[in-house]
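Novice: Input: one structure, supplied below.
Derivation of every value follows stated rules applied to the coordinates shown; laboratory data play no part. These figures come from a predicted structure and were not determined experimentally. Methodologically, a virtual Cβ is constructed for each residue, glycine included, from the backbone with ideal geometry; neighbour enumeration extends over all protein chains shown.
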Amino acid sequence: MEGKSMDTILSAFEPLELKKGDFLLKSGKICRQMAFIESGYLRMYDLVDGKEITLWIGKEGKFITSLSSFIFETHNNWNIQAITDCKLCVINREKHFELNKTEPKWLEFDNTLLANSFALLERRMFSQLHTTAKERFDSLLKEEPELFNNTPLQYIASMLGITPESLSRLRKMN
């Protein structure tokens, strides 16, 4: 990416720091920003029958947003909360779409980001339908071992679709 384009793209982002427990987004609101995680961990979750269900845990080097709410300006279904203190770079919806029109490299990146998000969702759905809890655990441990040292295990268990007790048993087996 040439220097001028990169400068234009980077200038569209604003720094944001969240303390552990702070919310980037709450359920029921319209999502108007997307964040790049410079450091820290955030989780995307919802309450179902009074129980927190974690969809995803975002970490350093990843983007996080409520994608459908961000794109279509619909009410969001997810809470995005800092698990640890976080440093983020945030772009608002207007600047995001302005960059899509003026910076071809940003549009290309945005398309790749959307495709990767969809692919991740497909893999997660397939995994929940066609793999065992042990296979899901082994896969996550292999792909993102640092999650197990940096996030509460009940969030990981929820993301895997198992109880914390089952996660504890699986960890002991490894």
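Novice: For segment 1-77, which semi-axes, largest first and in whole Å, follow from the square roots of 5 times the eigenvalues of its Cα gyration tensor?
Specialist: They are 26, 15, 10 Å, listed largest first.
Novice: Another question, then. Once phi is turned into ³J(HN,Hα) by the Karplus curve 6.51 cos²θ - 1.76 cosθ + 1.60 with θ = phi - 60°, what whole-Hz value does each residue of segment 36-45 show in order, with x for glycine and proline?
Specialist: Karplus-based 3J(HN,Hα) across segment 36-45 equals 9, 8, 6, 7, x, 9, 10, 10, 10, 8 Hz.
Novice: To continue, here is another question. How high is the FRET efficiency from F97 to K134, r the C-beta distance, R0 35 Å, rounded to 0.05? Present the calculation step by step, with values, prior to reporting the outcome.
Specialist: Numbers: r = 43 Å, r/R0 = 1.23.
The computed FRET efficiency comes out at 0.25.
Novice: Counting only helical runs of four or more DSSP H residues, what would the 222 nm mean residue ellipticity of the chain come to if each run contributes -39,500 (n - 2.57) and the total is spread over all its residues? Walk me through the numbers before you get to the answer.
Specialist: Working: 8 runs with 85 residues, N = 174.
It lands at -14500 deg cm²/dmol.
Novice: List the residues, sorted by chain then number, that are 5 or more residues from W56 or on another chain and whose placed amide H is less than 5 Å from its amide H.
Specialist: Those lying under 5 Å, H to H, from W56 are M44.
Novice: Need the full-extension length gain, S166 to F148, defined as separation in residues times 0.36 nm minus the C-alpha distance. One decimal, nm. Before the final figure, lay out the partial values.
Specialist: On the way: separation 18, 0.36 × 18 = 6.48 nm, distance 1.46 nm.
Residue separation times 0.36 nm, minus the Cα-Cα distance, leaves 5.0 nm.
Novice: Sequence-distant or interchain residues sharing an amide H contact under 5 Å with L24, placed H: which?
Specialist: Counting only residues 5 or more places away or on other chains, the set is I80, Q81, A82.
Novice: Tell me, how many Å apart are the Cα centres for segment 64-116 and for segment 10-32?
Specialist: 11
Novice: Classify segment 49-106: rounded, prolate or oblate, from the alpha-carbon gyration tensor (a ≥ b ≥ c, eigenvalue square roots; a/c under 1.5 rounded; otherwise prolate if a/b is larger than b/c)? It would help to have the intermediate numbers written out before the result.
Specialist: Numbers: a/c = 2.92, a/b = 1.56, b/c = 1.87.
Judged from the Cα gyration tensor, segment 49-106 comes out oblate (a/c at least 1.5, b/c at or above a/b).
Novice: Does segment 79-159 come out rounded, prolate or oblate, given a ≥ b ≥ c as the square roots of the eigenvalues of its C-alpha gyration tensor, rounded meaning a/c under 1.5 and, failing that, prolate meaning a/b above b/c? If you can, show how the numbers build up before the last one.
Specialist: Details: a/c = 2.94, a/b = 1.65, b/c = 1.78.
Oblate, because a/c is 1.5 or more while a/b does not exceed b/c.
Novice: Along its three principal axes, how long is segment 1-135 when you only count alpha carbons? Whole Å, largest extent first please.
Specialist: Cα spread of segment 1-135 along its principal axes, largest to smallest: 47, 33, 28 Å.
Novice: Using a 10 Å cut-off on Cβ atoms, rank the peptides 108-120, 16-28 from the highest mean neighbour count down.
Specialist: With the highest mean Cβ count within 10 Å placed first, the list reads 16-28, 108-120.
Novice: At 7 Å along Cα-to-Cβ for each site, give me the label-to-label distance between E122 and S68 in nm.
Specialist: Those two pseudo-labels are separated by 1.8 nm.
Novice: By a straight-distance test (C-alpha under 19 Å), which lysines pair with K51 as possible cross-link partners, with residues fewer than eight away in the same chain excluded?
Specialist: K26
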